[in-house]
Amino acid sequence: MPGVLRQGHLSVWVALAVLILFGVLRYENFASAYNLSSFLGYNSMFVVISVGMCLVIMTGGIDLSVGTVAAFASVVAAMLSPHGLVVALPAGVATGLVAGALNAGMIAGLRLPPFMATLATMLAAKGAALSLSDNRTVPVDWASDFTALGMNKVANLLPWTILVALVMVAFAWVIVQRTSLGRTVLAVGGNAEAAHLMGLKTRRAEVFVYLFSGACAGLAGVFLASGYGAGQPLEGAGWELAAIAAVVVGGTLLTGGMGSVPATVAGALLFGLVFNLLNFENGRGAFSLSADWQSVIRGLFLLIVILLQARLARLAVKH
Amino acid sequence: MTRLDPRLAGLLVALAVLLALNVAITPNFLNMQTLAVNASQVATIAIVALGMTLVIASGGIDLSVGSVMAVAGALAPMIFLSAWAVANPGLGLVASIVLPLLAAAACGLFNGLLIAHLGVQPIIATLIFFISGRGIAQVLTNGQLQTFTNPDFTWLGTGRILGLPVQGWIALVLTVVIALVVRRTIYGRYLLSVGGNERASVLAGAPVARVKIATYVIAATLAGLAGLIVVAQNSASDAARIGQLMELDAIAAAVVGGAALSGGRAPIFGTLLGAIFIQLMGYTLIANGISDEMTLIVTAAIIAIAVWLQRGRRV
């Protein structure tokens, strides 16, 4: 499998395998169908926003708006849930696309720095979510088929959300690996000016990644509303940083020009797994770590990954 | 200042328009109470934004300021409520200000070392403390709200000097001091050169690593001070809430004030004006019955416009 297991990205897969093995050996119910399906259901949101973020970061950009855009989309989807999934799902994704178009316009059109442009969209989406929902969670219509997406599972095991998320992953992967658009995405991140001078359609690549990231955030919002029964205008705080962390753990450098879609997925799952294992450890009762510890441990985990990356990067330079 | 920076002039005009608008439409705008309320609210943002401006001038960014505020804000009451501090109130008060500031500085040192010596990108390096710093503060306090009555300490957030809140004066003094540091010290020169062209600074023999580390330490210490002020203001310390979203307010103030994310520019007075502008804009909307949500959208538009105006000038 070329591309998947390339040297730099190997470590994240190894870490994922080691943690899963650890969980299976240590905790009785870790390998249960219930744990697997709830783990995948919850983390499908993070997988999907991380993939969008991965493509943005490949161009050397950043998208800080994904968390609040997801919250906004969850409100829109919940409000339209009486009309069923056929309406609510596209509406949620369209909400994300509008936010993505706003980002793309500011970044590719007005040439604003991505950090500031998406920061503005982040605030605006939060404001829009709060004013649309009147500052309250919006319950979904349980009578319609809207909650089927977030709550039903294939063979009682795989949530539909993770399958949809994997479709987005596959799409992103094919784009990056097999299309000239994907090559341009990486070229923009490597050296935007050179890519432009070579006649590559750099703006089109930038527009694409922010639209894609917006659509992913919208989809995550639909997952949220559908899986947890409400549009939640205040959810999504810090999601952008979780996604950035997943991308970085997956071996993609923030400077752009390189990166791996599958490794980003592994990075997102790795982060989720740390939480999952902590919950099991608490369940054993030998010692109990409060929820407050989780963020400390997540930060430590990120630190270790970054230190390893810094080392690897130095070794790579020497050779 | 021999000539006024056009960016600063634009911001001053915008502020003047906003003030005139308020005098015209906002009831009871021109009284001491309104001024004091606004000054006490803007002070913490301004103090953090000063540090953020230095970081941005170095070509970096600091996402951890809110979490550092929480760490400092959680430590202070733990210290002055301890048995030792109750027995030695004077020393206890000093310790409850100095030790949290040192802890904050240590956080900044950690950020600076990662960035300057390991070459980690600033957004990622400071993301570590953004995620875990608040967790550390919550673990320290067991996730409990600490309430207290300590008039000496709360003076920092509730006292008045000449009718204006103490923290407003602190912000003002710090602005002047930091502006002087940027203009008159070697550190200030190096800071702008590192942010302007890091490669050239290295080749010219500037102590790039030390300058960067010092910058993150200053930013974190200022954030720690802001954390103490917030706790003093509320007579309570809630590690989960202190300084939440502060990094965004501070970045917005710095950028509206004329800092460029690409580095090399440290408009200190602009930052103060930027913080005042954002505060006043929020106050105008809320005082005239426009909701918090709309305020967010307006703030977003202001940030986008400010960044766009900067771009236009550079080309």
- Task: Calculate for chain B the 222 nm mean residue ellipticity that helices alone would give, adding -39,500 (n - 2.57) per DSSP H run of length 4 or more and normalising by residue count, nearest 500 deg cm²/dmol.
- Result: -25500 deg cm²/dmol
- Which whole number gives the average, over all residues in A:236-242, of C-beta atoms from other chains lying within 10 Å of the residue C-beta? 2
- Message: Give the average over all directions of the projected area of the C-alpha convex hull of the stretch B:116-155, one decimal, in nm².
- Response: 4.8 nm²
- Linear extension gain, A:ALA155 paired with A:MET258, 0.36 nm per residue minus alpha-carbon span: 33.4 nm
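Expressed in nm to one decimal, what extension gain is obtained for the pair A:VAL86 and A:LYS201 from 0.36 nm per residue of sequence separation less their Cα-Cα distance? Could you put the intermediate results ahead of the total?
Details: separation 115, 0.36 × 115 = 41.40 nm, distance 3.43 nm.
Stretched out fully, the A:VAL86 to A:LYS201 stretch lengthens by 38.0 nm.
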- Query: Based on the alpha-carbon gyration tensor of the stretch B:226-315 and its eigenvalue square roots a ≥ b ≥ c, which shape applies: rounded if a/c is under 1.5, prolate if not and a/b is larger than b/c, or oblate?
  - Reply: oblate
- A:ARG311 to B:ALA240: FRET efficiency via 1/(1 + (r/R0)^6), r the Cβ-Cβ distance, R0 35 Å, to the nearest 0.05? 0.50
- Item | Rough spin-label spacing in nm, given labels placed 7 Å along Cα→Cβ, for B:ALA9 and A:LEU163 | 6.5 nm
- Nearest-20 debye value, chain A charge dipole, Cβ charges on Lys, Arg, Asp, Glu: 920 debye
- Task: Label the stretch A:189-319 by shape, choosing from rounded, prolate and oblate, from the square roots a ≥ b ≥ c of the eigenvalues of the Cα gyration tensor; if a/c is under 1.5 it is rounded, and otherwise prolate applies when a/b is larger than b/c, oblate when it is not.
- Result: oblate
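Using the 2.2 N^0.38 Å rule of thumb for compact globular proteins, work out how the stretch A:9-145 stacks up: its C-alpha Rg over that value, please. Intermediate values should be presented prior to the final figure.
Details: Rg = 18.5 Å, N = 137, 2.2 N^0.38 = 14.3 Å.
That works out to 1.30 for the stretch A:9-145.
I'd like the FRET efficiency for A:ALA33 and B:ALA106, computed as 1/(1 + (r/R0)^6) with the beta carbon distance as r and R0 of 41 Å, rounded to 0.05.
Working: r = 46 Å, r/R0 = 1.12.
So the FRET efficiency works out to roughly 0.35.
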- Where only C-alpha atoms are counted, convex hull volume of the stretch B:10-149 per residue in Å³: 165 Å³
- Result row for chain A, helices from DSSP H with C-alpha axial extent 30 Å or more and mean Kyte hydropathy at least 0.5, is A:33-58, A:202-228, A:261-284, A:291-318
- Message: When a/c reaches 1.5 or more, the comparison of a/b and b/c decides; with that in mind, is chain B rounded, prolate or oblate per its Cα gyration tensor?
- Response: oblate
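Let me spell out the model: positive unit charges on the Cβ of Lys and Arg, negative unit charges on the Cβ of Asp and Glu, origin at the Cα centre of the protein assembly as shown. What dipole size does that give, in debye rounded to 20? Don't jump to the answer; show the numbers that get you there.
Values: 31 positive and 20 negative charges, 386 e Å.
For the protein assembly as shown, the charge dipole is close to 1860 debye.
Here, each number is a calculation from the coordinates, and none is a lab measurement. Just so it is clear, the model here is predicted, and its values are computed rather than measured. For neighbour counting, all protein chains shown are included, and Cβ atoms are generated from backbone atoms with ideal geometry for every residue, glycine included.
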